[in-house]
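This report refers to the structure that appears directly beneath it.
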Amino acid sequence: MKTSWRTASLVATAASVLALTTACGQDNAGAPASSAQNVGATAPAGDYGNPGTGTATGAGNGYGADGNQSSSSPTQAAPAGKLAVASNPDLGNVLTDGSGLTLYRFDKDTANPPKSNCDGDCATTWPPVPADDATAGGGIDKALLGEVTRADGSKQLTVGGWPAYRYAKDVNAGDVNGQGVGGKWFALAPNGKKAALSSLPGLSVRKDPKLGDIVVDKNGRTVYRFMKDEAWPKSVSNCTGACLEKWPAVGPVSADDTEGVKKKGLMPFTRPDGEKQMTVNCWPIYTFSGDKAPGDTNGQGVGGTWYAVSPDGKPVGAPGN
């Protein structure tokens, strides 16, 4: 596995520009620039993560885990497997390994060039993720996956250049006990940044346990399609008035501010009221007022006409799809 993510990023950007020149009979003017941020705590002085300074709890050895953690921890050299994206109500999209365990990054490491500064006891508490069998699942750009050679000669997975780790105190899939430990350890977002709701792209993909890969907005809220809308030869929204109050239209999003969503037909169009609305594969997209938190899918199947959106714009779970 090679760290070619910078070159691939330039190619992907050029491809997205070409894809936007043909679709829906609409132009892509007026789409805002990316507002994604790299959000995280500032690392204070100290060792590899004294749990007393972070949001997670731990004890005494200065690394965020109990002193009796040994190098025989079953998670230390476990294969990464097929990486996935999990939705966390506080952090947004979080990167996990094939077993659903959260992956982390360390502020004392570097991404350019990739380098791990977690060895010895630190690596017992924060087992490096092996690079050998890591593959990209839905919503993950495989070009961002790479590897770095550690001091002991082993190959460690990198994401966006950042070495990836597990946390010894995460036992179950979805645990994020390592988040914020020592002000230096943070859950990884799928793009290699620190996971945070405010750092989600304008549109991205998360894996729902029941629906599979679905599109979410910058706040982690599920995005929906209305079966009475039209996409070809041009995008048309048939949700107006009271309908629009219950199903708010998603505003324009720059193609550069998306992850995992099909680029073709990814553009805004002008609604009858003059407002701009975003489309996925030319289909108008909405959120649902009945979804109160990131990860909610209360709008799924409502009235037999509203369905979550797949990365290629299809209505998830709709009859005939």
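The values are calculated or read from the model by the stated rules, or taken from the named source; none is laboratory data. Keep in mind it's a predicted model, so treat the numbers as computed, not measured. Virtual Cβ from ideal backbone geometry, glycine too; neighbours counted across all protein chains shown. What goes into the accessible areas is simple: the full protein's heavy atoms, side chains included, and nothing from ligands, DNA or RNA. Shrake-Rupley method; radii C 1.70, N 1.55, O 1.52, S 1.80 Å.
Observations on the structure shown:
- Within segment 87-101, if we keep just the residues that are part of a loop (DSSP other than H, G, I, E, B) and touching a residue at least 60 places away in the same chain (Cβ under 8 Å), the residue that is most open to solvent (accessible area, probe 1.4 Å) turns out to be D90.
- Looking across segment 146-158, the residues that are in a strand (DSSP E or B) and open to solvent by 20 Å² or more (accessible area, probe 1.4 Å) come down to E147, T149, K155.
- Leading residue by the ranking (farthest from V159 (Cα to Cα)) among those in segment 102-129 that are surrounded by fewer than 24 Cβ atoms within 10 Å (Cβ to Cβ) and among the aliphatic types (A, V, I, L, M): A123
- Taken as a whole, the structure places D256 among residues that are assigned to a helix (DSSP H, G or I) and either in contact (Cβ under 8 Å) with a residue 60 or more places away in the chain or closer than 16 Å to V205 by Cα (or both).
- Of the residues making up segment 218-228, one or more are open to solvent by 10 Å² or more (accessible area, probe 1.4 Å) and touching a helix residue (DSSP H, G or I) at 6+ places or on another chain (Cβ under 7 Å).
- Residues that are of a type in the set (A, V, I, L, M, F, W, C) and touching a helix residue (DSSP H, G or I) at 6+ places or on another chain (Cβ under 9 Å) within segment 265-301 comprise L266, M267, F288, listed in sequence order.
- Filtering segment 159-170 to residues that are crowded, with 21+ Cβ neighbours inside 10 Å, within 21 Å of the chain's Cα centre (by Cα) and not acidic (D, E) leaves V159, G160, W162, P163, A164, Y165, R166, Y167.
- Segment 267-291, subset β-branched (V, I, T) and under 20 Å from N219 (Cα atoms), residue surrounded by the most Cβ atoms within 10 Å (Cβ to Cβ): V280
- Residue in segment 163-182 that is among the acidic types (D, E), touching a residue at least 12 places away in the same chain (Cβ under 8 Å) and within 20 Å of D141 (Cα to Cα) present: no
- Answer from A189, A143, A196, A173 - the residue that is in contact with a helix residue (DSSP H, G or I) (Cβ under 8 Å, 6 or more places away or on another chain), aliphatic (A, V, I, L, M) and surrounded by fewer than 24 Cβ atoms within 10 Å (Cβ to Cβ): A143
- Only residues that are within 25 Å of D208 (Cβ to Cβ) and touching a strand residue (DSSP E or B) at 6+ places or on another chain (Cβ under 7 Å) were counted in segment 236-250, giving 6.
- Selection from segment 287-311 of residues that are among the β-branched types (V, I, T) and in a helix (DSSP H, G or I): V302
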